Every structure is written in structure tokens, then in C-alpha cells.
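Participant: The structure follows.
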Amino acid sequence: MTGAPRWIDSHCHLQDRYRPDGADALAALAEADAAGVGGVVCVGTDAPTSRQAVELVGAIRAAAGAGAASRVPAGFEAWATMGLHPHEASQGVADVEEALDEALAAGHGAVVAVGECGLDYHYEHSPRPAQREAFAAQIALARRHGLTLVVHTRDAWDDTLDVLVATGVPERVVMHCFTGGPAEARRCLDIGAFLSFSGIVTFKGADDVRAAAALCPLDRLLVETDAPFLAPVPHRGQQNRPAWVAAVGEAVAALKDMAPATLAGAAALSTRRAFALV
């Protein structure tokens, strides 16, 4: 893959909680490198996983600079997000805010976003009012610190966009694991958001998501795995992994009738812009 554009997995979970089989998080990145992946964004979902995301990014960066003996390929990039998932909204955001303040004070530059946060009316593991309150608080955190906001929304498009607009849309917003159709895509693009597409674009019943990916401008389009969830075809039923973001990207490239390498370069640049890395 030398010289070819590298994929960036814009959203994955590598923390211990998400690796029940005990797999080595760092070893997974060697597999990703071999598949043409050059970086990952490790996403927190509460205070403990947010702290571990930061720790993992530190370990990845150290290993990537350690030379030939390292388990992580030289130059492999990693960043972290810190946030409270809507499933955990009843906890309140105080612990996440404390963890974020500590990480930012450390000055290592690992943290690039608040989230994932948002609304999930499909499962409703936390009451809707608690979800909306926690979401608004994290929007305010992203604005206060000049960070990107990573949004999870499921069966809650109207309220998600209403809370965003009412609280004040941050300068950079990523709609993670985009599950809407063209109408929702246009609404998100109209507020300046980036759309991140997952393995869902390969699923048989996801015509609306494919239509949204087809219309999304390249400068607003990201690709992700959401590992260990949502493994793309032909890997459905398995634990997802960063290496398989290439399969997601290849599916999106086919929708746009372009070479995968072209899509990889464009999506990687959009990811860097979405997280203020350029």
C-alpha cells in the first residue's frame, strides 16, 4: 500500500469493554495497516471508556514511534473522543466533563471531539428528557473547548436537530453511523455537518443509507467501522475491526462510481477537516 491513500476509521471502540474476547487492541492495528488503514479515532461512551480511549491513543502513538519491534506500524495515527452515549445519559455528564478537563489540561493533543453523544429513541435505555439534557450539555462542552461534536442519533432525527440548533451548532459536527436517507442527509448538510458512513451501506435493506451516501459531497463524507459493531458484508455476524473500514469505503466508492483509492484520499481529508487535524 506504499504511496496509496490511506483509509481513516473515523469511529471505532478499541477499549477493553468492547473486546470481550480479550483481543489485543494494538495487534488489530497491524491488520488494519495491511488493509490500507492509516489511522483511527477511538471513541468514548462514558467517563471510563473516554479515559481509556485517551490512554490507548497514547499507547498507539508511542508504539508507532518505537521502530521495527513495535506491534503498531510506524506512522500509524490515532485520536480520541470523550463523551456520554445516550444509553448512559441518566448518569449525567459531570464525570465526563471532569475527565475531559483533565485530558485537555495534559496538553497531549489526543482529544479531538466530544462524543459520542446524542439521542437514541430506539432503545431508550435512558429517559428521553435525560438524553436531551445530556446531549445539550455536551454540545455546550464542544463549543466551549472548540472541539468537534460526534453525534449518535437513532429514531430521533427531529429532536436531535432541534436540540443542536437550539443549543448552538458547534463549528464541526460529525453525524456518526449515518442511518438516514436523502432527506435527513440534506438536513444535516444544511447545518454544516459531516456524514460518517458505516458497514450499514453494505446491508441488503439499506437503500436509503446508500442513497444518502451517493448524494453526500466528498468534502463532507467520512467512513467508519463502529467496531466492534456493524461488521460490513461479507463479514456480518463477526466482531468488526478497523481493518474492515476498507470494505465500507469500497462500497461507498462503488456508489459514487469512483476508484476506492480516490474515495480513500477524499474521505481521509474530510476526516482531518472534521476533527480539525488540518
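Participant: Once amide H atoms are placed 1.01 Å from N in the peptide plane, what residues at a sequence separation of 5 or more from residue 14, or on another chain, have their amide H within under 5 Å of its amide H?
Facilitator: 43
Participant: Can you list the DSSP H helices in the chain whose Cα atoms extend at least 24 Å along the helix axis and whose mean Kyte-Doolittle hydropathy is -1.0 or higher?
Facilitator: On the way: long enough: 47-64 (26 Å, 0.44); 128-145 (26 Å, -0.63).
Counting only whole DSSP H runs, the qualifying helices are 47-64, 128-145.
Participant: For segment 29-83 and segment 127-182, what is the separation of their C-alpha centers, rounded to whole Å?
Facilitator: 25 Å
Participant: Could you work out [θ]222 nm for the chain from helices alone, using -39500 (n - 2.57) per DSSP H run of at least four and dividing by all its residues? Round to the nearest 500 deg cm²/dmol. Provide the component values of the computation, followed by the final result.
Facilitator: Working: 9 runs with 114 residues, N = 278.
When only DSSP H runs of four or more count, the value is -13000 deg cm²/dmol.
Participant: With +1 on each Lys and Arg Cβ and -1 on each Asp and Glu Cβ, and nothing else charged, work out how big the dipole of the chain is about its Cα centre, in Debye to the nearest 20. Can you show the working numbers first?
Facilitator: Working: 22 positive and 33 negative charges, 140 e Å.
Magnitude of the dipole: close to 680 debye.
Participant: Let a ≥ b ≥ c be the square roots of the eigenvalues of the Cα gyration tensor of segment 126-179; is it rounded (a/c under 1.5), or, if not, prolate (a/b larger than b/c) or oblate? It would help to have the intermediate numbers written out before the result.
Facilitator: Values: a/c = 1.80, a/b = 1.26, b/c = 1.43.
It is oblate, given that a/c is not under 1.5 and a/b is not larger than b/c.
Participant: Taking K and R as +1 and D and E as -1, what net charge do the other residues with C-beta under 14 Å from the C-beta of residue 236 add up to?
Facilitator: On the way: positive: 204, 241; negative: 226.
With Lys, Arg at +1 and Asp, Glu at -1, the net is +1.
Participant: Hey, in the GNM for the chain with a 10 angstrom Cα cutoff, which one of 20, 242, 260 fluctuates hardest?
Facilitator: Answer for the Gaussian network model of the chain: 20.
Participant: Along the Cα-to-Cβ line of residue 154, 7 Å from the Cα, sits a label point; which residues in segment 194-233 have backbone N less than 19 Å from it?
Facilitator: What the label zone holds, given the 19 Å backbone N cut-off, is 196-210, 224-233.
Participant: Quick check for me: using +1 on Lys/Arg Cβ and -1 on Asp/Glu Cβ, what's the dipole size of segment 1-125 about its Cα centre, in debye to the nearest 20?
Facilitator: On the way: 6 positive and 18 negative charges, 119 e Å.
With only Lys, Arg, Asp and Glu charged at Cβ, the dipole is about 560 debye.
Participant: Report the gain in length on full extension from residue 98 to residue 239: 0.36 nm times residue separation, minus Cα-Cα distance, nm rounded to one decimal. Don't skip to the end; give the middle numbers.
Facilitator: Numbers: separation 141, 0.36 × 141 = 50.76 nm, distance 3.14 nm.
So the chain would gain 47.6 nm between residue 98 and residue 239.
Participant: May I ask you to list the trypsin sites (Lys or Arg not before Pro) in segment 207-278 that are in a DSSP loop and have at most 13 other Cβ atoms within 10 Å of their Cβ?
Facilitator: Values: sites: 210, 220, 236, 256, 272, 273; in loops: 236, 256.
Those that pass, being in a loop and sparsely packed, are 236.
Participant: Another one. Using amide H atoms built 1.01 Å from N in the peptide plane, name the residues 5+ places from residue 223, or on other chains, whose amide H lies under 5 Å from its own.
Facilitator: 10, 197
Participant: Mind giving me the FRET efficiency for residue 183 and residue 261? R0 is 41 Å, r the Cβ-Cβ distance, nearest 0.05 is fine.
Facilitator: Numbers: r = 31 Å, r/R0 = 0.76.
Efficiency computed from Cβ-Cβ geometry: 0.85.
Participant: Can I ask one more? Considering segment 7-274, what Rg and Dmax in Å follow from its alpha-carbon atoms?
Facilitator: Using the Cα atoms of segment 7-274, the pair Rg, Dmax is 17.1, 51 Å.
Participant: If the only charges are +1 at each Lys and Arg Cβ and -1 at each Asp and Glu Cβ, what is the size of the charge dipole of segment 153-278 around the Cα centre, to the nearest 20 debye?
Facilitator: Numbers: 12 positive and 14 negative charges, 83 e Å.
In total the dipole reaches around 400 debye.
Taken together, the values in this text are just the output of simple stated rules run on the coordinates, not laboratory data. Since this is a predicted model, take the numbers as computed values, not measurements. Note that each Cβ is placed from the backbone with ideal geometry, even for glycine, and that neighbours are counted across all protein chains shown.
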